[in-house]
Amino acid sequence: MKPIFFIDYDNTIFSHRTWSVPESALQALESLKADGFRVALASGRAFRSSELPEEFHGRFVPDGLVSANGAILEAEGRLIREEYFKPELQRRILDYVTEKGYCLISNYEGTWCTSNLERFKSLSTNSRRKILPEEGKAFLSLYESPRPSFFLADTKEAIADVQAHFPETRLLYMGDESGGADIIPKDSGKDLGAACLLDYFHISWEDTVAIGDSMNDIDLIRKAAFGIAMGNAMPEVRAAADYTAADIDRDGLADAITQARQWACSRG
């Protein structure tokens, strides 16, 4: 059986340095689909099949989505799972980051919201995010909106503090270059979401490839039959992978997919 590919989006497909998708990455994704491989987009973002990245339009449609770090799952355009923070936990997280003055961000109905706009502007890693979130009423709306995950766009110290204060969550660090961390419930993760998608397609872990760059990818990379870290990946992710590809801006995804194809052929 041809393996299914689980591929991260940010800094695996989409470069945060150039704020674009390399043409070689799009061509590699197109070729996978043309050759009959299933491809699932495995992202921390809350993607939906109706709201895919504009770079994909007319060129690439994934067979499945493992969105919001596994909280939202789609297969062949069909929603198969949707989970959110428990309301009480969500409220406590929002209260805590506000009390501490930390910078939490989330996208609500197309608008980026933040708990602390001045802190967002002051942190150098946030200058690469190409967004200007809103605070005040926009942030307060998050109290009434079920969320599958949040992003703590803050320092390592803030990340460690929130993790210690909320053991029922997991904070997944994005690395020194990107900064910040996804906040997800402790029982969530891309690997758990991928397992549900494998059940849907009747595929085993023996027929999986995973490609990513940060800590929200590491469990999936470890579980996949062939795990690949991007050249720009965090050291921990590279150490967990079977192969380290080139940097995203040096045709890294195309390199990763070429190696995965060779691995698939070597299995006979």
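Tell me which residues, restricted to segment 160-209, are of a type in the set (Phe, Trp, Tyr) and not assigned by TED's automatic domain parsing to the domain that holds residue 69.
166, 173
Among the residues of segment 98-126, what is the count of those that are within 23 Å of residue 165 (Cα to Cα) and either in a helix (DSSP H, G or I) or not assigned by TED's automatic domain parsing to the domain that holds residue 174 (or both)?
So the count comes out to 6.
Could you tell me whether any residue of segment 139-158 is in contact with a Ser or Thr (Cβ under 7 Å, 6 or more places away or on another chain) and assigned to a helix (DSSP H, G or I)?
Yes, some residue in segment 139-158 is in contact with a Ser or Thr (Cβ under 7 Å, 6 or more places away or on another chain) and assigned to a helix (DSSP H, G or I).
Identify, please: which residue in segment 189-207 is in a loop (DSSP other than H, G, I, E, B) and in contact (Cβ under 8 Å) with a residue 60 or more places away in the chain and is, among those, surrounded by the fewest Cβ atoms within 10 Å (Cβ to Cβ)?
203
Report yes if residue 161 is in contact with a Gly (Cβ under 8 Å, 6 or more places away or on another chain) and either more than 21 Å from residue 71 (Cα to Cα) or of a type in the set (A, V, I, L, M) (or both), otherwise no.
So residue 161 does not fit the description; no.
With respect to residue 134, determine if the residue is out of contact with any Asp or Glu (no Cβ under 9 Å at 6 or more places or on another chain), in the same structural domain as residue 257 (by TED's automatic domain parsing) and on the phi < 0 side of the Ramachandran plot. First the steps, then the outcome.
Details: out of contact with any Asp or Glu (no Cβ under 9 Å at 6 or more places or on another chain): yes; in the same structural domain as residue 257 (by TED's automatic domain parsing): no; on the phi < 0 side of the Ramachandran plot: yes.
No: the conditions fail for residue 134.
The values are calculated or read from the model by the stated rules, or taken from the named source; none is laboratory data. What you see is a predicted model; the values in this text were computed from it and never measured. Neighbour counts are summed over all protein chains in view; Cβ atoms, including those assigned to glycine, are modelled from backbone coordinates with ideal geometry.
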